[in-house]
Amino acid sequence: MTFLSATAATRIPLLPRPAVYRPLAGVWRAMDWYAQETMQASNVRDARSIATDRWNGPGVACLERRVRQLARGQVEPVALRLAAIGVSCGWPSVVSEGGSVPYGVPDRFAALWAAVAQRIGTVRFGAVPLLAVVNHTATATATASAGEAFQPVLTWADAEESSRIDLLLATAARIDAVNASVLLKSHLLEYAGARPMTAVRGLHRVVRVQSVVHQVLQRRLEAMADTGCTPSGITAALTLAADAPGVRDRIPPRLVTPVQQAVEAMLGMRQLDSGLVSRPRARRHLGREQAQAVVAFDQIGQQVRSLAHACTEVGAAYDEAVASVRHSNVLYRRLIDAAVQPANVRGRAPGSRPSVI
């Protein structure tokens with residue numbers, strides 16, 4: 001019997017997209033300067049002062065009206081700059097889902113953020129789906145299985161240096177690209193009830209892919225110990241890691257990658273009492289199409305979990321797959337915790353802590 005894959009088209013918004021980087025042009029070109037200036041600030045107060053000065057200037061007055069004119073491929077690059085500015089200023093929220101703006105956020109910045117959010121499908125886009133995956137989209141796929149040289153569009157450190165936040169986001173992009181190979185074989189877990197042995201193959205594939213993820217995270221944990229950080233990089237890392245769950249194998253919502261969410265959905269882990277991420281909150285950081293794709297994988301997860309309860313062989317493979325994903329999240333959480341440590345901050349006295357207002 002032939003089974004048509006229901007997720008072949010659905011998974012496309014979640015897969016890393018190889019792309020040629022095109023710099024912003026015209027009136028949008030200043031976004032690059034504003035982002036880099038804010039990302040290089042010596043402290044959070046300076047970052048916010050820069051944002052206030054730039055976003056109260058005459059050059060940004062027309063941007064909100066021009067968002068509707070942006071081509072589809074230009075929306076994410078603009079959103080990426082906004083997200084980088086937002087986290088560098090220590091703003092976990094720029095515009096709430098109800099439309100309110102926190103005190104201190106420049107009105108024009110918030111207005112542009114809200115206009116871009118309408119195009120993307122979420123006001124919570126200041127998170128890893130943009131800052132890691134889109135930031136590295138031109139290189140993530142090419143380096144998923146070989147090579148480590150990510151060349152992000154935006155960085156917090158100078159070109160000759162590395163920083164913890166850059167290493168963290170590069171790692172998130174890399175594990176997202178590695179995990180994408182699970183989604184490429186998602187048809188193995190579709191119609192699990194009718195094809196139990198095929199489902200076992202799919203679950204074993206999850207375990208094999210997670211072993212690669214484990215190796216990546218172990219190497220990055222070792223590298224993190226020798227990596228310094230800029231003051232604005234620490235602010236960005238702390239902002240992204242805000243609302244971190246107390247359990248060691250749960251991931252802060254802003255730092256869960258799109259493919260991580262899809263893999264867990266495909267395993268039905270949203271229904272597990274010992275869930276690994278704050279799933280409802282993490283999904284709010286996905287764009288419209290990505291969120292819809294993850295929901296589609298929930299349906300596969302329900303079938304897989306039901307079969308795991310009914311079939312001993314599938315159940316054993318399922319438990320191994322869940323355990324391997326859990327271990328990936330434990331290692332990733334360790335990397336996140338290491339990235340927000342205040343030691344070795346460049347430009348500060350040893351032992352001093354960056355301030356986040």
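The values are calculated or read from the model by the stated rules, or taken from the named source; none is laboratory data. Keep in mind that this is a model prediction, so the values were computed, not measured. Virtual Cβ from ideal backbone geometry, glycine too; neighbours counted across all protein chains shown. These area figures cover heavy atoms from the full protein model, side chains too; ligands, DNA and RNA do not enter into them. Shrake-Rupley method; radii C 1.70, N 1.55, O 1.52, S 1.80 Å.
What order do H136, H214 take when sorted by accessible area (1.4 Å probe), most exposed first? Walk me through the numbers before you get to the answer.
Numbers: H136 5, H214 35 Å².
Solvent-accessible surface, decreasing: H214, H136.
About the centre of its Cα atoms, region 59-131 shows a dipole size close to 260 debye [charges on the beta carbon of Lys, Arg (+1) and Asp, Glu (-1) only; nearest 20 debye]. When the Cα positions of T230, V200, V213 are compared along the charge dipole of region 172-237, V200 comes out farthest toward the positive end, with charges on each C-beta of Lys, Arg, Asp and Glu.
Amide hydrogen proximity for I251: with H placed 1.01 Å from N in the peptide plane, the residues at 5 or more positions away or on another chain lying under 5 Å are V277, S278. The H on the amide N of V105, modeled in the peptide plane, is under 5 Å from the matching H of no residue at least 5 residues off or on a different chain.
Exposure check, 1.4 Å probe, all protein chains in place: S96 carries approximately 40 Å² of accessible surface. Only protein atoms count toward the accessible area here, which uses a 1.4 Å probe; on region 172-235, the carbon and sulfur part of that area reaches 55 percent. Spin-label model, Q215/A310: points 7 Å from Cα along the beta carbon direction are separated by 3.7 nm. Indicate the gyration tensor shape class of region 20-120 (rounded, prolate or oblate), computed on the Cα atoms with a ≥ b ≥ c the square roots of the eigenvalues: a/c under 1.5 is rounded; otherwise a/b larger than b/c is prolate and the rest oblate. Oblate is the answer for region 20-120, as a/c is 1.5 or above yet b/c matches or exceeds a/b.
Taking 7 Å steps out from each Cα toward its Cβ at D226 and D107 produces label points 5.2 nm apart.
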